[in-house]
Amino acid sequence: MEKAINGEYGLISGGYMNIFENLLSSVNIFKNRDVLRHSYTPEKLPHREEQINQLALLLSPLLKGGASSNIFIYGKTGTGKTATVNFVGRQLEEASKKAKQNVVVHYINCEIVDTAYRVLASIARRFGSNVPMTGWPTDQVYDEVKKVLELRKIRVLVILDEIDKLVKKAEEALYGLTRINSELKNSSISLIGISNNLKFKNFLDARVLSSLSEEEIVFPPYNAEQLEDILLQRSKLAFEDGVLEEGVIQLCAAIAAQEHGDARKALDLLRVSAEIAEREKDTKVRVEHVRKALRKIETDYMIETVRTLPVHSKILLYSMSLLSEIAEKFTTGEVYCVYKKLCSKVGVDSLTQRRISDLISELDMLGVVNSVIISKGRYGRTREMKLEADRDALRKVLEEDYRLQSLKKFGGDLKKFANLKLFES
């Protein structure tokens, strides 16, 4: 046992060295890697001055003993919405102390707190009420929120991040929170809703819409130059001096700018690039590390996407992974033929070819498959496709599904597979 692992972790002869000692003595690239994570809110937010000033103006009544308008914030992922709102919220609480106003900011992620009950309970518990997370009637929790706010005389700013995850389940909670101020005398609740979905308002009930969307702020995507500024600011805090090779930040910014100006992707690219350099014991983060990081991030995204697909999409992808062993490109008809045979092997009723065409389009949009419509002249048109994902990584994650594990034995038999005899009983 000792011989098998000796050397790999820096073990010494005659005994064990702590496995982390070798890692701690490796090249030091990071000064503070947390600076590159999404949860970090910097002291300054480049290129969001306009949105910060808009928010400050709209929230200023809270510093004068009043309630502010409710605010709705739109923007695609990675445009700085949450970071900006948290930055302004922090400044608001600091200013309220100087103004001798009792203003408290309460942040709720609606992907986690996703029901009317939980939203109200979260607010009540924030201010010391022992509301259980389940079990009470929602009306009782609503009354408890009013009671605890009036008792403490608090001006509350509630931030509902990813509010579109809440709306389908809790419109009553939204409506109640937007109307609660008419029932409060010594306190108030103001709302900021944040969404990546630009069409979110289309799903809102008219009465909620009229109360919630009093003010709107749109966050545009960052361009490549703006992303460079963001990365330069963070890199000074994140890395030791001189560890970034020239061109690294520019490449990270350029790649993220192509992805709708996503600052999160730019930060992830830079962080993962540095982690790869660290693992390779390189003294610098180089352009080649960025390219490796891009492949890793895209593979990780693909794996998480595939893991959550319905079973028919998984069988469809498994069919493509088998076809890709003998041809780079294949048609819908070829995929459907293999898909039907795999369905019979796993005991699942196959879908129609038309429905399979729809599933292929969905996989194309997710970036797992690349498909194009090609003309066959008088024979009509067909869809030709190829896998964009790494075949081995794809098959590994597909085989995690217990329903597909019986398909492992079919991979690699190319001679039989070429004429589709492999799947005949």
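For the reader, a short list of remarks on this structure follows.
- With contacts taken as Cα pairs under 8 Å and at least 6 residues apart, region 310-423 reaches a relative contact order of 31 percent.
- Taking Ile326, Ile276, Ile71 as the candidate residues, the one with maximal mean-square fluctuation in a Gaussian network model of the chain, Cα springs under 10 Å, is Ile326.
- For Ile154, nonlocal amide neighbours, meaning residues 5 or more places apart or on other chains whose placed amide H falls under 5 Å from its own, are Ser188.
- Reported to the nearest whole Å, the Cα centre-to-centre distance from region 235-275 to region 293-356 is 33.
- The chain: calculated mean residue ellipticity at 222 nm from DSSP helix runs of at least 4, using -39500 (n - 2.57): -14500 deg cm²/dmol
- Exposed-site-free run, longest, the chain (rule: chymotrypsin sites (Phe, Trp or Tyr not before Pro); DSSP loop; at most 11 other C-beta within 10 Å): 21-425
- C-alpha long axis of helix 332-346 to longest principal axis of the chain, angle in °: 90 degrees
- Looking at the chain, the pairs of alpha carbons with a distance over 42 Å make up 36% of the total.
- Its convex hull of Cα atoms gives region 310-423 a direction-averaged projected area, equal to a quarter of the hull surface, of 6.9 nm².
- Region 49-218 - percent relative contact order, Cα under 8 Å, separation 6 or more: 33 percent
- Of all DSSP beta bridges in the chain, antiparallel share, percent nearest 5: 30 percent
- Note on the chain: with a GNM built from Cα contacts shorter than 10 Å, the maximum mean-square fluctuation among Thr382, Thr305, Thr331 falls on Thr382.
- Normalised contact order of the chain, rounded percent, pairs of Cα under 8 Å and 6 or more residues apart: 16 percent
- Gyration tensor over the Cα atoms of region 221-310: the corresponding equivalent ellipsoid has semi-axes (square roots of 5 times the eigenvalues, largest first) of 22, 17, 10 Å.
- As a ratio to 2.2 N^0.38 Å, the alpha-carbon radius of gyration for region 175-263 is 1.69.
- Sites matching trypsin sites (Lys or Arg not before Pro) across region 173-208 that sit in DSSP coil, with at most 10 neighbouring C-beta atoms within 10 Å: Lys185, Lys199
- With R₀ set to 45 Å, the beta-carbon distance separating Ala206 from Met133 gives a calculated FRET efficiency near 0.90.
- Taking amide H positions as modeled 1.01 Å from N, with prolines and chain starts lacking one, the residues under 5 Å from Ile159 and 5 or more places away or on another chain are His106, Tyr107, Ile108, Ile192.
- Counting other Cβ atoms within 10 Å as a rough exposure proxy, the listed residues Met385, Met365 run Met365, Met385 from fewest neighbours to most.
- Note on Lys376: aspartates and glutamates with a C-alpha under 16 Å away, same-chain residues under 8 apart excluded, are Glu334, Glu384.
- Label-to-label distance, nm, for residues given as Leu237 and Ser69 (7 Å Cα→Cβ offset): 3.1 nm
- For region 49-218, the Stokes-Einstein estimate of translational diffusion at 4 °C and a viscosity of 1.567 mPa s comes to 81 µm²/s, using the Kirkwood hydrodynamic radius over alpha-carbon pairs.
- If you look at the Cα atoms of region 204-256, you get an Rg and a Dmax of 18.8, 56 Å.
- Dimensions in Å of region 112-164 - Rg and Dmax from alpha carbons: 10.9, 31
Since every read-out is calculated from the coordinates, none of them should be taken as a lab result. Keep in mind the model is a prediction, meaning the values are calculated, not measured. Positions of Cβ are backbone-derived with ideal geometry, glycine not excepted, and every protein chain shown enters the neighbour counts.
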